[in-house]
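What follows draws every value from the coordinates through simple rules; no lab data is involved. Since this is a predicted model, take the numbers as computed values, not measurements. Here the Cβ is made from the backbone with ideal geometry for all residues, glycine too, and neighbour counts use every protein chain on show.
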Number of protein chains: 2
Amino acid sequence: MINISDISNQLPYLKFKKLYKEALTAQQPNIEAVCISSFDNKNRESNSRFVNLKYIINDEWIFFSNYLGPKSKEFNYCPNISAVFFWHQTNTQIRIKAKIQKSPKEFSDNHFKHRDKGKNILAISSEQSKEIDSYNDFIDVYEQASKKILNTQKRPAHWGGYSFRPYYFEFWQGHNLRINKREAFIFEKDVWKNIFLQP
Amino acid sequence: MINISDISNQLPYLKFKKLYKEALTAQQPNIEAVCISSFDNKNRESNSRFVNLKYIINDEWIFFSNYLGPKSKEFNYCPNISAVFFWHQTNTQIRIKAKIQKSPKEFSDNHFKHRDKGKNILAISSEQSKEIDSYNDFIDVYEQASKKILNTQKRPAHWGGYSFRPYYFEFWQGHNLRINKREAFIFEKDVWKNIFLQP
């Protein structure tokens, strides 16, 4: 689930909210899973991964992450990321282009404070994406951390929120003959321009 | 479904095949849906969309597309794309980095010949991603095309396969406390190097 209680009332947001509720009613599993793509300029390659979107607050879309992994370097190089949802239960795809930045520290602190203890031990102890010899090696690190860490509510500096603000939406509705319905919203000169695209 | 009858026997391919069969057994819907990401150099932004993967033949992964839309320009600028599957039924994510190019013409011709007539009329008549005034406008174009097109088995030059060959795989297995299992394969000096990553 995504917390959308404080979502914006701008047109594409109203559309998102409607489609989100339809997918929720249709019991879409992992409705919060969104594929975030970025560009690795060093190796000149695209890179993407699913994350769990936690909040939409006004026009900001927020997930949490380790700040030292590869995606942070990629966001630094080029903050224009893409974000894609696909909800098979309703055959809906939502494609977003957005500008990303770190969330305010206080916001991340507060979210961390109310998170599950086990997840916080993981966030504190993992050097995300670093090479290890085996999965079991990390289980040892984690178990040692579980014993040592006294305050699991104190957010480490290397972990926190990312907020992205969309400047492009495409709402895609699948059709059995591929005559897909594609409606886009582009943010130009402070207004959302609404267009349709050939399938 | 993906046609994987002629898949390579290299290590990450065997692993993919195993996970694919598990997800298939667990009745994963839209198992062939893969998020393809590319980089739009003109606007300096990432862009991504889901496509249906049709074949894995030896070490080539193939989907079909219009050749004149935005993604083709992006593939031209930077052929190092990423491809991500997420199968919620087994909590499996597969992240791939790969080099992409157009499939041989004969291959695309042959695939087109055996495709559904209605889908082919769409492939012939649509100028994918071009702006239109309304969805119904395109329905008119499509209906006119249905009457006019005599040979629906002849592939138009603007439509065909894309084949990508992976040089990086990450197999990600979700864990309820986020102690996710991450195993990667990197193609270096003609061999697949196998490593593990911190969660």
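Worth pointing out:
- Unit charges on C-beta of K, R, D, E only; dipole of the range B:129-168, Debye: 440
- Remark: label point of B:Leu14 defined 7 Å out from Cα along the Cα-Cβ vector; separations to the same position in other copies 5.7 nm, ascending.
- Given in Å, the Rg to one decimal and the Dmax to the nearest whole number for the Cα atoms of the range B:1-140 are 16.5, 50.
- In nm, spacing of pseudo-spin labels at B:Asp116 and A:Lys105 (7 Å Cα→C-beta vector): 5.6
- Inter-label distance for A:Asn136 and A:Asn43, nm, one decimal - labels placed 7 Å from Cα along Cα-to-Cβ: 2.8
- Euclidean distance of C-alpha centroids, the range B:14-79 and the range A:42-96, integer Å: 17
- Check: the range A:1-103 dipole with +1 on Lys, Arg Cβ and -1 on Asp, Glu Cβ, in debye: 180
- DSSP bridge pairs, the protein assembly as shown: antiparallel proportion in percent, nearest 5: 95
- With both labels modelled 7 Å from their Cα along Cα-to-Cβ, the B:Asn9 to A:Lys148 distance reads 4.6 nm.
- Net charge dipole, the protein assembly as shown: roughly 60 debye, given to the nearest 20, about the Cα centre with Cβ charges of +1 for Lys and Arg and -1 for Asp and Glu.
- Across the identical copies, how the B:Thr25 labels are spaced - nm, sorted shortest first, 7 Å along Cα→Cβ: 3.7
- Comparing B:Phe86, B:Phe138, B:Phe50 in a Gaussian network model of chain B (Cα springs below 10 Å), the most mobile by mean-square fluctuation is B:Phe138.
- For the range B:75-158, the relative contact order comes to 27 percent (Cα pairs under 8 Å, sequence separation of at least 6).
- Shape category assigned to the protein assembly as shown from the gyration tensor of Cα positions, a/c cut at 1.5: oblate
- When the Gaussian network model of chain B links Cα atoms closer than 10 Å, the mean-square fluctuations of B:Gln101, B:Gln144, B:Gln28 top out at B:Gln144.
- Distances in nm from B:Lys130 to the matching label points in the other copies, shortest first (labels 7 Å along Cα to Cβ): 5.4
- Computed E for A:Asn194/A:Tyr77 - FRET, C-beta separation, R0 25 angstrom, nearest 0.05: 0.20
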